[in-house]
Ligand code: Z5A
């Protein structure tokens, strides 16, 4: 596919949503310098998982805000996979095929970190489900915003009411963090660690440096 697919990963409150928006703004400012923008309809779009499609929005509501009954771990895994399968087919592939740049808040590594390392589900099963859900679509670059769990949770708590995942115990979030550490070791080419401490501006500059280098943007 001729577009570029950039994913942001990390624990709660690591700044993904903030940095996705900042990178979109920066890329729009530097649009003439981007290697793959060849037509007048070129776009730089932002999306997220779960919830990047209309169907995904409903799945997101179930996953994060349902209070009907506890969601079993395997049901949770399958709901994230269903959200992803819809997202890949209905949103990601059409845009990447047209050459657009897509910035995505969370993707397959979140499932390994949260459902694998966090919940303790089988990693081989998760890899198989990720393969089914994505049809093999991988990011061109995954930016892992590395921040201490406590710092991230403190940021999200300042924001107000927590969702179902945020309410999990601290040890769960620490296992998730360990998951991201392992994933970055296993995929050094695809996953780049970004120090997510410091100001929003400092983190944005670190990200821009990596993106410029990876995609040969000569700004
Ligand atoms: N999940 C899963 O389990 N399995 C999967 O396969 C997938 C997801 C795809 C999605 O929730 C949940 O789904 C998530 C993982 C799970 N679990 N939880 N909880 P979400 O999309 O609602 O939330 P999130 O992805 O965890 O994002 P977040 O909590 O909104 O955090 P963030 O996007 O990384 O950070 P932010 O919103 O940009 O910033 C948080 C606050 O900090 C905000 O007030 C900012 O203004 C502030 N901030 C940002 N940067 C800074 C700096 N540099 N300094 C100080 N303050 C800052």
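The values are calculated or read from the model by the stated rules, or taken from the named source; none is laboratory data. A quick note: this is a predicted structure, and the numbers were derived from the prediction, not measured. For neighbour counting, all protein chains shown are included, and Cβ atoms are generated from backbone atoms with ideal geometry for every residue, glycine included.
Looking across the range 1-20, the residues that are in a helix (DSSP H, G or I) and in contact with a helix residue (DSSP H, G or I) (Cβ under 7 Å, 6 or more places away or on another chain) come down to 18, 19. Can you pull out every residue in the range 169-197 that is surrounded by 11 or more Cβ atoms within 10 Å (Cβ to Cβ) and over 14 Å from residue 113 (Cα atoms)? Correct list: 190, 192, 193, 194, 195, 196, 197. Considering the conditions (1) away from the ligand (no atom under 13 Å from the Cβ); (2) surrounded by 18 or more Cβ atoms within 10 Å (Cβ to Cβ), residue 88 is excluded by exactly one of them, (1). On inspection, residue 213 fails the criterion of being in a helix (DSSP H, G or I), modelled with pLDDT of 95 or more and either within 29 Å of residue 116 (Cα to Cα) or within 12 Å of the ligand (Cβ to nearest atom) (or both). Is it the case, given these coordinates, that residue 138 is modelled with pLDDT of 95 or more and either over 23 Å from residue 47 (Cβ atoms) or near the ligand (Cβ under 8 Å from one of its atoms) (or both)? Answer is no for this residue.
One residue alone among 23, 79, 63, 103 is within 13 Å of the ligand (Cβ to nearest atom), within 23 Å of residue 177 (Cβ to Cβ) and assigned to a strand (DSSP E or B), and that residue is 103.
Yes/no per residue for (1) more than 18 Å from the chain's Cα centre (by Cα); (2) outside any helix (DSSP H, G or I):
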position: 161; (1), (2): yes, yes
position: 167; (1), (2): yes, yes
position: 173; (1), (2): no, no
position: 176; (1), (2): no, no
position: 189; (1), (2): no, yes
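Got at least one residue in the range 148-157 being surrounded by 14 or more Cβ atoms within 10 Å (Cβ to Cβ), in a loop (DSSP other than H, G, I, E, B), more than 11 Å from the ligand (Cβ to nearest atom) and at pLDDT 95 or above? Within the range 148-157, one or more residues are surrounded by 14 or more Cβ atoms within 10 Å (Cβ to Cβ), in a loop (DSSP other than H, G, I, E, B), more than 11 Å from the ligand (Cβ to nearest atom) and at pLDDT 95 or above. Which ones in the range 27-55 are surrounded by 14 or more Cβ atoms within 10 Å (Cβ to Cβ), assigned to a helix (DSSP H, G or I) and in contact with a strand residue (DSSP E or B) (Cβ under 9 Å, 6 or more places away or on another chain)? The one that is surrounded by 14 or more Cβ atoms within 10 Å (Cβ to Cβ), assigned to a helix (DSSP H, G or I) and in contact with a strand residue (DSSP E or B) (Cβ under 9 Å, 6 or more places away or on another chain): 27.
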